[in-house]
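Structure record follows, encoded as structure tokens.
The values are calculated or read from the model by the stated rules, or taken from the named source; none is laboratory data. Keep in mind it's a predicted model, so treat the numbers as computed, not measured. Cβ placement follows ideal geometry from the backbone for every residue including glycine, while neighbour counts extend to all protein chains displayed.
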Amino acid sequence: MGRSVVSFRGRFEYAIDAKGRVNIPSPFRDRLQEYGQESFFITNFSDCLYAYTAEDWSRIEERLSHIPSTDRRRNAFVRFFLGGAVEVVPDKQGRILIPPSLRAYAQLEKDVVFLGLTKRFEIWSLARWQEEMGRFEEMQADPEFAKDISDLGF
């Protein structure tokens with residue numbers, strides 16, 4: 001029987017240091033180690049950073065490699081998403097170094113939020129995360145929101 005998928009859960013707040021290093025939440029590190037994933041990939045998307053295991057990242061690259069070069073819109077996405085990606089390896093203290101370009105994109109300056117979303121986790125600036133939660137609060141007032149959520153089975 002094959003292994004189940006690596007699953008990231010929870011929300012954690014940390015501080016990023018002046019050099020761009022930040023601790024990876026220990027539950028996330030534990031899950032990566034449990035599945036033999038010593039490194040993972042981070043990239044820019046949707047005002048934050050997306051993080052994928054090396055195994056999942058390989059599948060993403062494979063799928064995106066089949067986009068025809070004549071598809072300008074999708075290629076713009078591929079350039080942005082794959083072009084921003086870096087492989088990171090936690091150091092002995094469980095920290096990673098986030099490159100300046102990714103820190104600038106996600107506006108990671110001091111306080112950051114790690115958010116587990118099953119097959120990936122996201123890294124947000126605390127300020128942007130709070131804005132995102134404000135948008136969520138506003139959405140809840142929309143009657144269509146309840147229908148959209150109920151369509152998910154909740």
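Would you confirm, using the coordinates I've provided, whether ILE60 is surrounded by 14 or more Cβ atoms within 10 Å (Cβ to Cβ) and without any contact (Cβ under 8 Å) to a residue 24 or more places away in the chain? Considered against the rule, which asks whether it is surrounded by 14 or more Cβ atoms within 10 Å (Cβ to Cβ) and without any contact (Cβ under 8 Å) to a residue 24 or more places away in the chain, ILE60 comes out as yes. Test ARG73 against the stated conditions and say whether it is crowded, with 16+ Cβ neighbours inside 10 Å, assigned to a helix (DSSP H, G or I) and either in contact with a Leu (Cβ under 7 Å, 6 or more places away or on another chain) or modelled with pLDDT of 95 or more (or both). No. Does SER46 fit the bill of being at pLDDT 95 or above, among the polar types (S, T, N, Q) and either out of contact with any Ser or Thr (no Cβ under 7 Å at 6 or more places or on another chain) or more than 27 Å from MET133 (Cα to Cα) (or both)? Spelling it out, SER46 is indeed at pLDDT 95 or above, among the polar types (S, T, N, Q) and either out of contact with any Ser or Thr (no Cβ under 7 Å at 6 or more places or on another chain) or more than 27 Å from MET133 (Cα to Cα) (or both). Only strands (runs of 3 or more DSSP E) whose full extent lies in segment 83-154 are considered here, and the ones with at least 3 residues that are at pLDDT 95 or above and in contact with an Asp or Glu (Cβ under 8 Å, 6 or more places away or on another chain) are 111-118, 120-125. Pairs meeting the criteria (first residue in segment 87-108 and acidic (Asp, Glu), second residue in a strand (DSSP E or B) and surrounded by 12 or more Cβ atoms within 10 Å (Cβ to Cβ), beta carbons under 9 Å, at least 6 apart or on different chains) are GLU87/PHE40; GLU87/PHE41; GLU87/ILE42; ASP91/ARG21; ASP91/LEU97.
Looking for whichever is part of a loop (DSSP other than H, G, I, E, B), surrounded by 11 or more Cβ atoms within 10 Å (Cβ to Cβ) and of a type in the set (Gly, Ala, Ser) here; the options are GLY10, GLY36. Which one fits?
GLY36
The set of residues in segment 78-127 that are of a type in the set (Asp, Glu), touching a strand residue (DSSP E or B) at 6+ places or on another chain (Cβ under 7 Å) and either farther than 16 Å from PHE41 by Cβ or surrounded by fewer than 17 Cβ atoms within 10 Å (Cβ to Cβ) (or both) comprises GLU87, GLU109, ASP111.
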